[in-house]
Amino acid sequence: KTADMWLKNSSRSREGQWAEQRSALHRPMISAWQRPRRGLVLGVVLAASAVVAADANGQISCSAQARTACTVSSLVDELPLLDGNKIPAVAFGTAGKLFRTTNNETYWAVLRALEVGYRMIDTADMYKNQAEVGNAIRDSGIPRADIWVQTKFEPEVLDRKYFYSFEGVQLAFHDNLQRLGLDYVDGYMPHAQPKKLIEVWDALLDLQRQGFIRSLLVSNFNVRHLEALESQGRPLPVANQIEIHPLNYLRLGMWEVAEWCHQRGILVQAYGSLLTGGRSGSDLWKDPLLKKMATAHEGQTVTHILYRWALQKGFQIMVGTTRRDRMEETRRLLEFTLSDAEMVALDSLELDEARYGAVDAIYWGHGFPFWHETPDLGDTERYRHGAAPREPPTRKEL
């Protein structure tokens, strides 16, 4: 639907519009805290990141959670985290084209990104490029304390190689740290919901207490798994890295995850912003609405429109490219603002399912079975606050 259609369609109630959307998508009944709030612009559930809201005088402003993200003006601007640390609002990601590359392509890309001005690098065990990332950071000449480095471990690798246990999680971490060639990481997270969730989380908390990890994050966690951490009295992650963009925001209910996170001060790290998940490819950039918005903002591209949508939602964005010119072009998305009508239109962006397939088969969201699985907590009594730091376990000890 276009922005004009949303603006003209004012005869139905706000709640009625949302109810019809939910019914059409065959979703379960939403709970009380998920219901639309009165006063949200055009009745769309922007509470998912609560970016745009009307005050008593009808004035439009950013929410408390997203206000900082809305005012980002440079690659080094930072967002506050729950644990008191600060993280760059714009990150350089090493997935996508840099996934398992050869010929030091990741090394040169990260080095260029740091030269351009990026101060956050995201990698993962799965990407098989941690060594190149670490080498680029050391060779950049930039003080280590000025660069946020975060990586992820793979639950399936943990299961196959390290055994699923408190000690196994810690051994996997030290292997990843060794590949990076660093003394510590700024952020560390499971790449997906692990088995023995609380036991795994407790092992990470222990590593944080020992000074190896500055901040604990999660990736691809849904509300159910986050609630498990909360109900067990564990410190919540400072960020949740999820695929979230206009095509799965409303259609697949990813706004619900973002809403839960924002209500608790958890930053949403948005990946997949350019709609490149699954089989979709770059043809989606030919969408008339996206092209019209890019044309309306002089000097901007469809890429900038999509990244800007995420930024105005209060999300941290992940930029990934091997080209220096595109790294530098990222600054341009910090020079304009999408209107309220444009944000609403993007929220409800449509996908040609006849051409690309069902949305829930392409993107993360409620269509994935594990999204609804009850978390396996593991040993919930292993971790004790105040315990003396220990040396990392050896393979023989395992």
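The values are calculated or read from the model by the stated rules, or taken from the named source; none is laboratory data. Since the model is a prediction, treat every value here as computed from it, not as a measurement. Because the Cβ atoms are built from the backbone with ideal geometry, glycine has one as well, and the counts that use them run over all protein chains shown. Heads up: the accessible areas ignore ligands, DNA and RNA and are worked out on the full protein's heavy atoms, side chains in. Shrake-Rupley method; radii C 1.70, N 1.55, O 1.52, S 1.80 Å.
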- Selection count where residues are aliphatic (A, V, I, L, M), surrounded by 24 or more Cβ atoms within 10 Å (Cβ to Cβ) and either out of contact with any Pro (no Cβ under 9 Å at 6 or more places or on another chain) or farther than 16 Å from ASP347 by Cβ (or both), scope the stretch 258-279: 4
- Item | Answer from ALA136, ALA172 - the residue that is in a helix (DSSP H, G or I), over 30 Å from VAL223 (Cβ atoms) and in contact with a helix residue (DSSP H, G or I) (Cβ under 9 Å, 6 or more places away or on another chain) | ALA136
- Query: If the Cβ limit is 6 Å and pairs must be 6+ apart or interchain, which residue in the stretch 306-324 that is farther than 17 Å from VAL149 by Cα pairs with which residue that is surrounded by fewer than 24 Cβ atoms within 10 Å (Cβ to Cβ) and among the charged types (D, E, K, R)?
  - Reply: THR322/LYS97; ARG324/ARG112
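Could you count how many residues in the stretch 58-84 are in a loop (DSSP other than H, G, I, E, B), modelled with pLDDT under 50 and open to solvent by 40 Å² or more (accessible area, probe 1.4 Å)?
4
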- Answer residue from the stretch 141-165, given it is modelled with pLDDT of 85 or more and outside any strand (DSSP E or B) and is farthest from the chain's Cα centre (by Cα) among those: GLY141
- Which ranges mark the helices (runs of 4 or more DSSP H) fully within the stretch 301-371 that have 1 or more residues being open to solvent by 50 Å² or more (accessible area, probe 1.4 Å) and either within 27 Å of THR123 (Cβ to Cβ) or modelled with pLDDT under 90 (or both)? 324-329, 353-356
- Query: For the stretch 185-255, which fully contained helices (runs of 4 or more DSSP H) count at least 3 residues that are open to solvent by 10 Å² or more (accessible area, probe 1.4 Å)?
  - Reply: 197-209, 223-231
- Kindly indicate whether HIS297 is open to solvent by 20 Å² or more (accessible area, probe 1.4 Å), within 20 Å of ALA345 (Cα to Cα), in contact with a His (Cβ under 9 Å, 6 or more places away or on another chain) and not hydrophobic (A, V, I, L, M, F, W, C). yes
- Item | Boolean, ILE198 is at pLDDT below 95 and within 17 Å of GLY93 (Cα to Cα) | no
